[in-house]
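Report on the structure given below.
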Amino acid sequence: MELIAFKKHFFSALSEIYPETEIQSFFNILIEFKLHLKRIDAALQPSFEIETTALDFLKKATSDLKSQIPIQYIIGETEFYGLPFYVNKNVLIPRPETEELVAWIINDRKAEDSKNSIKILDIGTGSGCIPISLAKNIPNAEVSSIDISSEAIKTAEKNATLNNVDIQFMEADILNTSNLPYIVDVIVSNPPYVREIEKQEMQKNVLEYEPQLALFVEDENPLLFYDKIADLAKNYLSKNGQLYFEINQYLGKETVELLKTKGFTTIELKKDLFGVDRMIKASFNNS
């Protein structure tokens, strides 16, 4: 099949589900991934003949997109903070707002201009996007990460190898963890924070295909991960150590209040690129 014929089929198949701009974006991603054609190449080579194996993949991808399977899962990869990552059904697809959390930590370390080594613990490994990006961008960082899912850790380990960084991954249920292995300078976490009542706001591609364990908490206790991690941070953060969270946009004030009750005295609530409360930095006033 010629590329122009496949493109016509592709747009027709998806036209009732997605806007044209999104379909074009999917098309560009798929042809670059499978045919190694940039957008300009596709425009200049409409008669490009797609080989059978590649065509089978593209047709399957079209069917998957009709079922609203995320494009990142279809091609098995994505980009985060300028780095490549493998993704699959066992890990969340990294979001732009999480990049902002990572950037906050990196910029804080640059501002301190410290040549000393720093120990960082990420809680909730997932794809490894947070710990790997931090290890890649903070000189002298010793980074470790915890996740309850062995399958997520396997994916994160592949991503650490892909990005040539050394991360210590540990399998543990943080809600049932009483002790951390050592004192650290930074704890960062993007834990499950979406309440059941918020499911109606979410798209099908998230609800049906991304791992529920990494997304949702019960309505009655939506801050349980923050409560637990803050308790651990009190005992395992070094002097002047910092705690960073990605948070539920509707629970910013509640999360701040929780941290105050734990004894954190320096708390900063920050909005993301969409203008909603999305991240918190907290520390103890050690002066």
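Just so it is clear, none of the values below were taken in a lab; they were calculated from the coordinates. Every value quoted in this text rests on a predicted model; they were computed, and no experiment measured them. All Cβ positions, glycine included, derive from the backbone under ideal geometry; neighbour counts span all protein chains shown.
Quick rundown of the values:
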{"item": "Value of relative contact order over segment 178-287, rounded to a whole percent, pairs C-alpha under 8 Å and six or more apart", "result": "29"}
{"item": "DSSP beta bridge pairing in the chain, given as percent antiparallel to the nearest 5", "result": "40"}
{"item": "Computed FRET value (nearest 0.05) for Asn28 with Ala111, which takes r as the C-beta separation and R₀ as 30 Å", "result": "0.20"}
{"item": "Paramagnetic reach from Ala13 (point 7 Å along Cα→Cβ, amide N under 19 Å) across segment 57-83", "result": "57-77"}
{"item": "Selected from Leu224, Gln203, Gln242, residue furthest toward positive end of dipole (segment 189-246; charges at beta carbon)", "result": "Gln242"}
{"item": "Where GluC sites (Glu not before Pro) fall in DSSP loop in segment 1-62, at most 14 other Cβ within 10 Å", "result": "Glu16, Glu51"}
{"item": "Residues Ile105, Ile4, Ile123 arranged by fewest to most Cβ contacts within 10 Å", "result": "Ile4, Ile105, Ile123"}
{"item": "Mean Kyte hydropathy of 1.0 or more with a Cα span along the axis of at least 15 Å, helices from DSSP in the chain", "result": "3-14"}
{"item": "Fewest-first sequence of Val256, Val91, Val276 by Cβ atoms within 10 Å of each Cβ", "result": "Val276, Val256, Val91"}
{"item": "Ranked list, fewest to most other Cβ atoms within 10 Å of each Cβ, for His9, His36", "result": "His36, His9"}
{"item": "Mean separation of Cα contacts under 8 Å (6+ apart) over length of the chain, as relative contact order %", "result": "14"}
{"item": "Cβ-Cβ FRET estimate between Asn235 and Ala103, R0 fixed at 30 Å, reported to 0.05", "result": "0.60"}
{"item": "Fluctuation leader among Gln168, Gln212, Gln203 - the chain, Gaussian network, Cα springs under 10 angstrom", "result": "Gln203"}
{"item": "Segment 130-157 residues near the modelled Gln212 label - backbone nitrogen below 19 Å, point 7 Å along Cα→Cβ", "result": "148-152"}
{"item": "Loop GluC sites (Glu not before Pro), segment 210-287, which have at most 13 other Cβ atoms in a 10 Å radius of their Cβ (DSSP)", "result": "Glu218, Glu220"}
{"item": "GluC sites (Glu not before Pro) restricted to DSSP loop in segment 77-171 with at most 16 other C-beta within 10 Å", "result": "none"}
{"item": "Computed [θ] at 222 nm, helices only, for the chain once each DSSP H run of length n ≥ 4 contributes -39500 (n - 2.57)", "result": "-12500 deg cm²/dmol"}
